[in-house]
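Notes to accompany the following structure.
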Amino acid sequence: MDPIKVLIADDQDIAREGVRAFLERQPHISVIGEVACGEEAIRKAKRFRPDVIVMEICMTGACAIDAIAEIKQKSRRTQVLVLTLQNDPASVMQVMNAGGDGYLLKSTSAKELLMAIETVHQGYAYFSPVISSVMIKRRALGGSEKPESRQEMLSKRELEVLKLIAEGYRNKEIAEKLFVSVRTVTTHRERLMKKLNLHSTYEIVRFAWANGIVSLKE
C-alpha cells in the first residue's frame with residue numbers, strides 16, 4: 001500500500017517541525033513538504049497532489065479558509081485537516097463551509113492527529129470530541145448557528161446513512177442500498193452518532209425529524 005502523502009501548512013516553524021518529526025516516524029506516512037502561507041499551500045497542493053494537508057487556519061498571507069476552498073475545488077482527492085488553536089464555532093463552520101474534511105486543536109495528542117489523518121484519507125470527516133462538544137454546547141446555549149449546523153458536521157455519506165436510519169432501514173438494508181458492506185454502515189453510524197452526541201436510534205430519528213432531514217409520515 002502506498003504511503004499517505006502529507007503536506008504541512010503552518011506559519012510557525014516550531015509547529016511545522018514538531019508535526020513533521022512525528023509524522024516522519026510513521027512508516028505509512030510520507031511528508032512531501034511544508035509551507036508557511038495559504039498561497040504556497042495552494043501552489044504545492046496543485047504541484048504535488050498530497051493526499052492530506054494538515055493546515056493551520058491562522059496564517060499570514062491569503063486567508064487560509066479561501067485556500068481550503070480553492071484546494072478542494074481543484075483537487076477533490078486532497079483532504080484538508082485543520083490543526084489550529086482556534087476553538088470557536090464560527091471558525092469550525094467556516095472550515096466546514098469551505099470544504100474542510102476535519103478539525104483538530106493543537107492541544108490534541110499525537111495519536112489523535114495520526115488517527116485523524118488516516119480517517120480523512122479514507123474519505124471520512126473527522127472532528128475531535130472537543131470540537132464536537134463546543135458546537136453542541138453553543139447550540140444548547142442558543143448560539144447563532146443555523147439550525148442545520150450540526151448536520152453540516154457530517155460527511156455526505158454519513159448524512160445518507162442518517163437519513164436511511166431515520167426512514168426505518170436496518171444496517172443490512174442500508175448497505176444494500178449504498179452498495180457498501182454492513183461493517184462500513186456500522187462505522188458511519190458510530191461516527192455520526194459521536195459527532196452529533198446521539199445515543200440511540202430514537203435520538204437519530206428525532207434529530208432527523210427536527211432538522212428536516214426526513215418528514216413525518218402520515
Practice task
Please indicate, with yes or no, whether at least one residue in the stretch 21-36 is at pLDDT 95 or above, among the charged types (D, E, K, R), assigned to a loop (DSSP other than H, G, I, E, B) and under 24 Å from D2 (Cα atoms).
Solution key: yes
Exercise for the section: Would you mention how many residues in the stretch 174-217 are more than 23 Å from M96 (Cβ to Cβ) and aromatic (F, W, Y)? Expected result: 2
Practice task
For the stretch 94-118, enumerate the residues that are surrounded by 19 or more Cβ atoms within 10 Å (Cβ to Cβ) and modelled with pLDDT under 90.
Solution key: Q94, V95, M96, A98, G100, D101, G102
Fill in the blank from the handout: Quick count over the stretch 159-198, residues being among the small types (G, A, S) and not in a helix (DSSP H, G or I), is 2
Exercise for the section: Return yes when A69 is at pLDDT 90 or above and assigned by TED's automatic domain parsing to the domain that holds A36 and no when it is not. Expected result: no
Completion exercise
Exception for S91 within (1) over 25 Å from K195 (Cβ atoms); (2) part of a helix (DSSP H, G or I) falls at (1)
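The values are calculated or read from the model by the stated rules, or taken from the named source; none is laboratory data. Only a predicted model underlies this, so the values are computations on that prediction, with no experimental measurement involved. Every residue, glycine as well, gets a Cβ built from its backbone with ideal geometry; the counts of neighbours run over all protein chains shown.
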